[in-house]
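One structure is given here, and the rest of the page talks about it.
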Amino acid sequence: MEGQAPPFDFQQTISILKSTGKKAQNVGELREGIAATSDEAIFHHTYQYFLKGHVLEYTNDFAQWAGETLEETILSEHLSNIDPYSFKSMGEVRKELLRVIDRYLERFPEPRQAMTGEEFYFNESVALIFLEGVRARNLAEFLMAVKYVDPGSIYFHFYEARSRINAETDDFSKWFEEGLGKKELARSVRAIDPFMHSIEGIREIIAELVERELRLDMEEGVA
Amino acid sequence: MISRYAGIAPKGDLLLIKRLCERFQGKRFLHVNSTREGGGVAEILQRMVPLLAGMGIDARWMVIEGDPFFFEITKKIHNALQGNSEYITEGMWEHYFEVNRRNSSVMDLDAEMVLVHDPQPAPLIEFRKGGHWVWRCHIDVSEPQKVIFDFLSFYARKYESAVFSIPRFAKALGIDEFIIPPSIDPVSEKNRDLTEQEVEETLSRFGIDTDRPILLQVSRFDRFKDPTGVIQAYRMVKKYNDCILVLAGSPATDDPEGERVLSEVREYGKGDPDLHILLLPPSDKDINALQRAADVILQKSLKEGFGLTVSEAMWKGKPIVGGAAGGIPLQIIHGVTGFLVHSVEGAAFRVRQILSDPAMGRAMGSAAKEYVRNNFLITRQMRDYLAVWYFLDQGRGNVLRV
């Protein structure tokens, strides 16, 4: 089956930051900002969190700001627990963010102010998608490629893929299952928690899983 | 020429630059600013324009000319945008416009993409012939003198798009606004790899011992860079870890305040053979060598623009202790690529922490270098300018295929 599989063309996303010019200095203003800002800004601060390559103590920019800058740790815990991939539209993600913040404001109605210069800045991004120029025709080629493609390529296929319309999974597991017939490998890749790893961590896990699958294939071939 | 960056810059950035340059092959990309030499903008343009030309873009860089009165006015505008109180008369605004008008009559402003840097040439937008016009503001306009900013916005809003260095500097102008941080050139004299011999040569010329850890701050002698605070922190560290402090800065030839600060610093550090105060030009190879020889680099600024010296230090793979001011928190991820501090005591404590745990210092330095590689190299800035051009050219969608 591997011989006839459609190839996997690695693509990549590079995004540039766009400012809305809007900011928030406390949780109340953050709430108002989230309610009023564009879908693109919600997308940027939630789905694209992993593209930024910073330390992933949280799972979105709102949680990070609440936790790091305002030291509103309870709020940051609640916000970090939101899984944007479990919602069908940006409107639903926005609604959930507002629900969590409203519940927090009911309990703690006098939130802290951020110092000047440490406000939350609402941004969007423009994503440029392009072919990485790397193609895998089988699992061995995929292993070599996944080790060396740019982090933006891992992001595109593992994270960005889930936010596309009607997509419920990442591109890698889809190709393993539909292209190569590797259901078990696909299942293992889908089992990776996207929120608990950096892009480099995801790369490492996928490479390990693919390598193990290749070893098994070779052992089976010998047997 | 771009091939010099292969193996240094992220390959995705180089690939995107290549793809975008293929799209814009032969098209004209004009940069306009007000100085050919001096300052970070000119420094980057000197290197970026030939790189773009080498990729098949018809890249040009033009400099507007003005009389001393014009530059006096634009200095006032600059200071007011940074929050100082300045008064600009109607006559001054008229002269500011008139100088730009005169420049426009002798400049070839015809290009597919025009990037106008800073306030001095901003009124040139009134003489646009076609193409996409973008205003690039390098200044910290987070707390400007409102009336001056409002007047300048009159021109800024006429551009298709504006570019600021960090989100905090951006203003709601009602046009597309991008955040593009400045960058360093990894192959320039002040950032390229040096041999051990080159580093040793610098140290021995300045009589700096290598038998103890070296702390270094590279900056102008300016109160906002807190050089005396650095000396205080060094003295606190020295009680626990015998070390050497090097303060290296550019000579303050045109700044009387700088001369005063330098003599204060000299007075404050008098009689300490382990404290070296060096006057060096900012682009010097010696700065590069000092950064490579240092064990910990400080940038204890109290107020800062972007603070690119931080990225320069990080590029040398060194742990850095920086004041949480201006663009420094964008470069230092606290506890990962360095430490952010808010006081002299904080600086001393973090330096001691790094000196006591060299393995942590090495890990931080290595994370710092990678962070700069991915975020603050000239290729990333070049990529972003081309991306803004592509965005304007392709109907301004948030997702673009190249």
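The values are calculated or read from the model by the stated rules, or taken from the named source; none is laboratory data. Bear in mind the structure is a predicted one, so any value in this text is a computation, not a measurement. FYI the Cβ positions are ideal-geometry reconstructions off the backbone, even for glycines, and counts take in every protein chain you see.
Among the residues of the range B:231-238, is there at least one that is crowded, with 16+ Cβ neighbours inside 10 Å, in contact (Cβ under 8 Å) with a residue 60 or more places away in the chain and not in a helix (DSSP H, G or I)? Looking through the range B:231-238, none of the residues is crowded, with 16+ Cβ neighbours inside 10 Å, in contact (Cβ under 8 Å) with a residue 60 or more places away in the chain and not in a helix (DSSP H, G or I).
Among helices (runs of 4 or more DSSP H) entirely within the range A:165-223, having at least 2 residues that are of a type in the set (A, V, I, L, M) and closer than 27 Å to A:Ser80 by Cα singles out A:183-190, A:199-222. Counting only residues that are modelled with pLDDT under 95 and out of contact with any strand residue (DSSP E or B) (no Cβ under 9 Å at 6 or more places or on another chain), the range B:188-200 holds 2 of them. Looking only at residues of the range B:258-286 that are small (Gly, Ala, Ser) and over 19 Å from B:Ile244 (Cβ atoms), we find that the one that is modelled with the lowest pLDDT is B:Ser283.
Note on the range A:2-21: among residues that are surrounded by fewer than 20 Cβ atoms within 10 Å (Cβ to Cβ) and at negative phi, the one that is farthest from the other protein chains (Cβ to nearest Cβ) is A:Gly3. Of all the criteria given as (1) free of Cβ contacts under 8 Å to residues at least 60 places away in the same chain; (2) out of contact with any helix residue (DSSP H, G or I) (no Cβ under 8 Å at 6 or more places or on another chain), the one not satisfied by A:Ala145 is (1). On the stretch given as the range B:129-183, residues that are of a type in the set (D, E, K, R) and within 14 Å of chain A (Cβ to nearest Cβ) total 9. Residues in the range B:54-81 that are among the small types (Gly, Ala, Ser), assigned to a helix (DSSP H, G or I) and over 23 Å from the mean Cα position of the chain (by Cα): B:Gly54 alone.
Sub-8 Å Cβ pairs linking a first residue in the range B:309-336 that is within 10 Å of another protein chain (Cβ to nearest Cβ) to a second residue that is charged (D, E, K, R) and not in a helix (DSSP H, G or I), at least 6 apart or interchain, are B:Ala325/B:Lys303; B:Ala325/B:Glu304; B:Gly326/B:Asp140; B:Gly326/B:Lys303; B:Gly326/B:Glu304, ordered by first then second residue. Taking residues in the range B:112-123 that are in contact (Cβ under 8 Å) with a residue 24 or more places away in the chain and part of a helix (DSSP H, G or I), and partners anywhere that are hydrophobic (A, V, I, L, M, F, W, C) and surrounded by fewer than 23 Cβ atoms within 10 Å (Cβ to Cβ), the pairs with Cβ atoms closer than 6 Å and at least 6 places apart or on different chains are B:Pro123/B:Phe97.
For A:Ser188, the stated conditions hold: it is over 21 Å from A:Asp61 (Cα atoms) and hydroxyl-bearing (Ser, Thr, Tyr). Among residues of the range B:378-402 that are free of Cβ contacts under 8 Å to residues at least 24 places away in the same chain and within 7 Å of another protein chain (Cβ to nearest Cβ), those with a Cβ under 8 angstrom from a residue that is of a type in the set (A, V, I, L, M, F, W, C) and in a helix (DSSP H, G or I), sequence gap 6+ or separate chain, pair up as B:Leu400/B:Phe391.
Of the residues A:Glu106, A:Glu57, the single one that is over 30 Å from B:Ile8 (Cα atoms) and free of Cβ contacts under 8 Å to residues at least 60 places away in the same chain is A:Glu106. Checked against (1) exposed (fewer than 13 other Cβ atoms within 10 Å of the Cβ); (2) over 21 Å from the mean Cα position of the chain (by Cα), A:Gly117 passes all but a single condition, namely (1).
With respect to the conditions (1) under 15 Å from B:Val141 (Cβ atoms); (2) more than 11 Å from chain A (Cβ to nearest Cβ), B:Leu194 falls short on a single one, namely (1).
Within the range B:9-50, the set of residues being more than 22 Å from B:Leu109 (Cβ to Cβ), touching a residue at least 40 places away in the same chain (Cβ under 8 Å) and away from every other protein chain (no Cβ under 14 Å) comprises B:Gly40, B:Glu43, B:Arg47. Counting just the residues of the range B:354-377 that are surrounded by 16 or more Cβ atoms within 10 Å (Cβ to Cβ) and more than 18 Å from A:Pro151 (Cα to Cα), which one comes out nearest to the other protein chains (Cβ to nearest Cβ)? In this case the residue turns out to be B:Met364.
Candidates in the range A:161-208 are the residues that are crowded, with 18+ Cβ neighbours inside 10 Å and of a type in the set (S, T, N, Q); of these, the one that is farthest from B:Val399 (Cα to Cα) is A:Ser188. Taking the criterion of being within 11 Å of chain B (Cβ to nearest Cβ) and outside any strand (DSSP E or B), the residues of the range A:90-139 that qualify are A:Met115, A:Thr116, A:Gly117, A:Glu118, A:Glu119.
When you look at A:Asp171, is it of a type outside the set (Gly, Ala, Ser), more than 22 Å from B:Asn374 (Cβ to Cβ) and either under 11 Å from the mean Cα position of the chain (by Cα) or in the same structural domain as A:Phe43 (by TED's automatic domain parsing) (or both), yes or no? When the stated conditions are applied, A:Asp171 does not pass them.
Is it the case, given these coordinates, that A:Glu92 is in contact (Cβ under 8 Å) with a residue 12 or more places away in the chain and of a type outside the set (Phe, Trp, Tyr)? The answer is no for A:Glu92.
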